[in-house]
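Please read the structure below before turning to the comments.
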Amino acid sequence: MRKVHQKLLFVLIISSAVFGFYFHIKWTKNMFFTASFQNLVTQENRKAIVMSICENNNLTNSSLSLDRKVAAQLYVEHSHKFIYCEVPKVGCSNWKRIILLLNKSLGLTVTDLNHYDVHKSRLLIKLSSYNSSVQRQLLANYTKVMFTRHPLERVVSAYRDKFLHEDDIYYSKMIANLIKKAIGKNTNSTEKITFEDFARFIVTENPKYRDTHWKPMYHLCDPCNIHYDIIGKFETIKQDADFVLKFIGAPKDLIYPSIKHHANETRTNDQISRNYLESLPPSLYRQLTNVYSIDFSMFQYRYYNYANL
């Protein structure tokens with residue numbers, strides 16, 4: 001009798017384990033499909049708003065050729081049929097790392113890819129390296145992705161990265177002197193430009209020659225004429241990056257890295273941005289927001305309430 005009870009108990013334990021495992025798998029799959037569905041809904045909403053703003057501002061054109069400056073912002077990864085638009089100060093260094101890591105034949109690891117090597121790598125392929133016919137073909141058949149960030153937080157990030165550090169002489173010296181000259185300051189002064197200097201330069205410079213690090217995002221990637229499959233946001237970078245990697249069929253062990261250029265410096269965030277923006281005169285603040293007005297509406301970012309800064 002005891003043996004019968006033991007067998008029954010064993011069967012119950014096994015049955016319970018199998019039953020539990022089945023529902024765990026079912027729950028996991030449901031959660032995965034629910035998350036995927038939510039991501040898809042989010043993407044459709046973002047794309048619909050982009051197209052609405054494009055139409056309302058007459059930003060679409062019927063030209064068959066892609067603007068060469070836009071083509072130079074687009075990076076092509078053939079093994080996963082992936083095209084990424086580079087928006088500086090929106091995690092672009094890490095996306096370039098991803099592109100290189102997707103090519104398994106290179107045998108690279110994240111630790112092999114430091115900041116300057118990534119940006120100078122000849123292994124990265126720009127869409128501009130192809131003729132217009134091939135460009136159209138790739139854009140029609142590859143997954144196209146761009147990422148955005150709050151426009152003014154991106155401006156603050158550009159200022160902190162390019163003008164408060166001495167490791168990039170081109171910006172900290174040459175562009176800084178150009179800014180001083182443009183706003184009427186002494187170019188012989190060794191003082192760093194202030195954030196107010198930077199903001200005054202942005203609102204008065206010729207938009208045609210604006211640097212990519214603070215150029216409006218819609219100008220860089222032209223989402224009115226390139227219909228991106230995924231529009232991610234820096235504010236939800238982990239979630240959106242995971243979705244992109246799953247969408248393009250990236251290896252399961254590949255995750256978006258969180259490497260910073262200046263490792264010991266706090267990443268530019270909402271509070272740091274407010275601290276810089278509140279140093280601006282109200283009129284200059286309004287002019288600065290006007291430069292990025294399309295980015296604000298197209299990518300659904302809220303204006304800071306200046307009175308509460």
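Every number here is computed from the coordinates shown, using simple stated rules; none is lab data. The model shown is predicted, which means the values in this text are computed figures rather than measured ones. Every residue, glycine among them, receives a Cβ derived from its backbone with ideal geometry; neighbour counts consider all protein chains shown.
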Problem - Electrostatic dipole magnitude of segment 187-231 [Cβ: Lys, Arg +1; Asp, Glu -1; Cα centre; debye, to 20] - result: 100 debye
Problem - Ordering of 128-138, 221-231 by packing [mean C-beta count within 10 Å, highest first] - result: 221-231, 128-138
Completion exercise
Expected vector for segment 234-243, Karplus 3J(HN,Hα) from phi with 6.51, -1.76, 1.60 and θ = phi - 60°, integer Hz, x for Gly and Pro, equals 4, 5, 10, 4, 5, 4, 5, 5, 4, 5
Practice task
First check a/c for segment 191-309, with a ≥ b ≥ c the square roots of the eigenvalues of its C-alpha gyration tensor; if it is under 1.5, answer rounded, and if not, answer prolate when a/b is larger than b/c or oblate otherwise.
Solution key: prolate
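What are the semi-axes of the equivalent ellipsoid of segment 198-257, taken as the square roots of 5 times the eigenvalues of the Cα gyration tensor, listed largest first and rounded to whole Å? Don't skip to the end; give the middle numbers.
Values: eigenvalues 198, 41, 15 Å².
Each semi-axis is the square root of five times an eigenvalue, giving 31, 14, 9 Å.
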Practice task
Order these peptides, 170-177, 154-161, by their mean beta-carbon neighbour count within 10 angstrom, highest first.
Solution key: 154-161, 170-177
Handout entry: Taking the convex hull of Cα positions in segment 135-246, its mean projected area over all directions (nm²)
Key = 8.8 nm²
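Between HIS165 and LYS104, how high is the FRET efficiency from 1/(1 + (r/R0)^6) when r is the Cβ-Cβ distance and R₀ = 35 Å? Nearest 0.05. Please list the in-between numbers first.
Working: r = 34 Å, r/R0 = 0.98.
The computed FRET efficiency comes out at 0.55.
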Problem - For segment 126-186: span of alpha carbons on each principal axis (Å, largest first) - result: 51, 26, 23
